[in-house]
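Chemist: Below is a structure I'd like to ask you about.
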Amino acid sequence: MDVPTNVLLPGERLLWSGRPQRLILARFDWYQFAFGLLWIIVAIVVPVARQNSLSLFEWALGVGGVAFVWVPVVVRLRARRGVEYIVTDRRIVLADRFSGRTLSSAYLGTLPPPVARLRQDGSGTIVFGRYSRPPLMPPPSSGPLMLTGLVAVPEAGRVRDLIAWAQAGQA
């Protein structure tokens, strides 16, 4: 993606941009998928296996319950798939890859130092401050995306160093 001009503030310089290399499910996403699968088994599969006919209400309850559990996960995955990470000399921006609209941003001066968890291929996740386990549930006001870190970043070590360099005011 060519970084759209509406993402950069006046006088701001682009240092790096990239997008997640793969989709990664959060712990809470896995729990939601497991709960949805359990819901399908209990609400639909077991009654059908026992050759009980399901009323329209029972079908709606089974399918609606699964949709209620799985749709938020799908929405979050779609939002993560379409994100572009942008690191400037002042901010980190999450932008929509397709429209260029800014989804979330944070000034480097307000963030703790970056920490990276690297994979064997050099990609990794960059968080700010101490690397700790993410909370079980995403905050309710977060919407589909918020700046908690950069997930599945190519060359995560280099990007972490670039962010730290910019935070030190050397950019």
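The values are calculated or read from the model by the stated rules, or taken from the named source; none is laboratory data. The model shown is predicted, which means the values in this text are computed figures rather than measured ones. As a convention, Cβ positions derive from the backbone with ideal geometry for all residues, glycine included, and neighbour counts pool all protein chains shown. To get the accessible areas, we keep the full protein, side chains included, count just its heavy atoms, and leave off ligands, DNA and RNA. Shrake-Rupley method; radii C 1.70, N 1.55, O 1.52, S 1.80 Å.
Chemist: Looking at region 7-34, I want the residues that are within 15 Å of R80 (Cβ to Cβ) and have a partner that is in a loop (DSSP other than H, G, I, E, B) and of a type outside the set (S, T, Y) with Cβ atoms under 6 Å, at least 6 apart or on another chain. Which pairs are those?
Modeler: G18/P154; Q21/P154; F28/L136; F28/M137
Chemist: Which of the residues belonging to region 49-59 are surrounded by 12 or more Cβ atoms within 10 Å (Cβ to Cβ) and free of Cβ contacts under 8 Å to residues at least 12 places away in the same chain?
Modeler: Passing the criteria: only L54.
Chemist: For G82, state whether it is under 28 Å from A168 (Cα atoms) and either of a type outside the set (A, V, I, L, M) or open to solvent by 20 Å² or more (accessible area, probe 1.4 Å) (or both).
Modeler: No, not satisfied.
Chemist: Being of a type outside the set (D, E), loosely packed, with under 12 Cβ neighbours inside 10 Å and either modelled with pLDDT of 90 or more or more than 15 Å from the chain's Cα centre (by Cα) (or both) narrows it down to one of G109, G100, so name that one.
Modeler: Going through G109, G100 in turn, the sole match is G109.
Chemist: Moving on. For the structure I just gave you, tell me whether A166 is among the aliphatic types (A, V, I, L, M) and modelled with pLDDT of 85 or more.
Modeler: So A166 fits the description; yes.
Chemist: Quickly run through region 106-131 and pick out the residues that are part of a loop (DSSP other than H, G, I, E, B) and either of a type in the set (K, R) or more than 15 Å from R19 (Cβ to Cβ) (or both).
Modeler: L111, P112, P113, R119, Q120, D121, G122, G129, R130, Y131, listed by residue number.
Chemist: Name the pairs whose Cβ atoms lie under 8 Å apart, with the first residue in region 83-105 and touching a residue at least 12 places away in the same chain (Cβ under 8 Å) and in a loop (DSSP other than H, G, I, E, B), the second open to solvent by 10 Å² or more (accessible area, probe 1.4 Å) and aromatic (F, W, Y), and 6 or more positions between them or separate chains?
Modeler: R90/Y107
Chemist: Related question: Tell me which residues, restricted to region 8-43, are among the small types (G, A, S) and either exposed (fewer than 14 other Cβ atoms within 10 Å of the Cβ) or over 21 Å from the mean Cα position of the chain (by Cα) (or both).
Modeler: G11, A34, A43, listed by residue number.
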